[in-house]
Amino acid sequence: MNKQLQKVLNELPENIAIYLKPIVENQDFYATISAPQFEKLIKQTGLSDKNLRLALLPLAASYSISPISNFCVGAIARGLSGHLYFGANIEFPDAPLGQSVHAEQSAISHAWMKGEQGIQDITINYSPCGHCRQFMNELSTAQSLMVQLPEQDEKSLQQYLPESFGPKDLNINSRLMDNNPLTHTISNGDELLNKAIAALNISHAPYSGNYCGIAIMLNDKSVYCGAYAENAAFNPSLPALQVALIQMQMAGKDFSTISSVALVELKSGKISHQSSTQSVLDTLGVAITLDYLEI
Ligand SMILES: [Zn+2]
């Protein structure tokens, strides 16, 4: 467990900490609270659904990697299954600020990579920035998504983003987290390339056609995958590398332990992530040449 998470856990009110510690201190804890665990916590603590989510926010924010701003943002996204997924911001020293990950993107892509196909609600410790409101407007559940902030009434995403621009304005019918996987395969790829292709198959890239996936192997041989999440407004798109790094962050893995990275994208795509992915990797202090494949 990371030190910041342990510190936050120890600082929670005793009547909450006593029930949370067995979950969070379990070695299999992966920044996720299952629906049955959450229901049980509501009964044990006597807190409302909203107040329990707000009480969990400091735990999510403890995952923040923010060496530039020192501003720790935490988010908790509840998937359609009822499970809750933590997320936190990531900043990359020596990379352009546009490569940063916002906490909402983190929690949502965490849920996505764990198999969720939509988000019911998101709880955040600060008001969502315009970039994140636009990012969330791409979701399969953008019309029903609810947003909860501390000391405020719950509001819908559409209340936070009136007169929105989105996929429908570009005549796009698919949405981020839709369950409509592609079926690309290769005949003799290694394990890492095949996992990157599996991520590519769930990626969302209807604007550029550059469906794209990444798989990262660590020194301990564990693998973390990321699918590309494109956005109608282009700039809030979240690269596959960042999505994979979020999975590492939520598993408590250090970026310095990356041993190899595979990126697969489509030849027919109108853009490429090859150079920007290598460029961000170079800032992580790991001397790795991307294993790159176009299919
Ligand atoms: Zn944001």
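Computed from the coordinates by the stated procedures, all read-outs in this text should not be read as laboratory data. The structure displayed is predicted, hence computed values, not measured ones. All Cβ positions, even for glycine, are placed from backbone atoms using ideal geometry, and neighbour counts span all protein chains on display.
Histogrammed with a bin width of 10 Å, the alpha carbon distances of the chain distribute as 6, 29, 36, 22, 6, 0 percent, first bin at zero. Take every Cα pair under 8 Å whose residues are at least 6 apart in sequence, average their separation, divide by the length of the chain, and the relative contact order is 13 percent. Helix 49-61 and the longest principal axis of the Cα set of the chain meet at an angle near 60°. Label zone (residue 183, point 7 Å along Cα-to-C-beta; backbone nitrogen cut-off 19 Å) within the stretch 246-266: 266. Counting lysine pairs in the chain that sit 8 or more residues apart in sequence, or on different chains, and whose Cα atoms lie under 21 Å apart gives 18. For the pair residue 10 and residue 282, a Förster radius of 45 Å applied to the C-beta separation gives a FRET efficiency near 0.75, rounded to the nearest 0.05. With each label modelled as a point 7 angstrom along the Cα→C-beta vector, the residue 25-residue 222 pair spans 2.0 nm. With only Cα atoms counted, the stretch 3-170 has Rg and Dmax values of 15.8, 51 Å.
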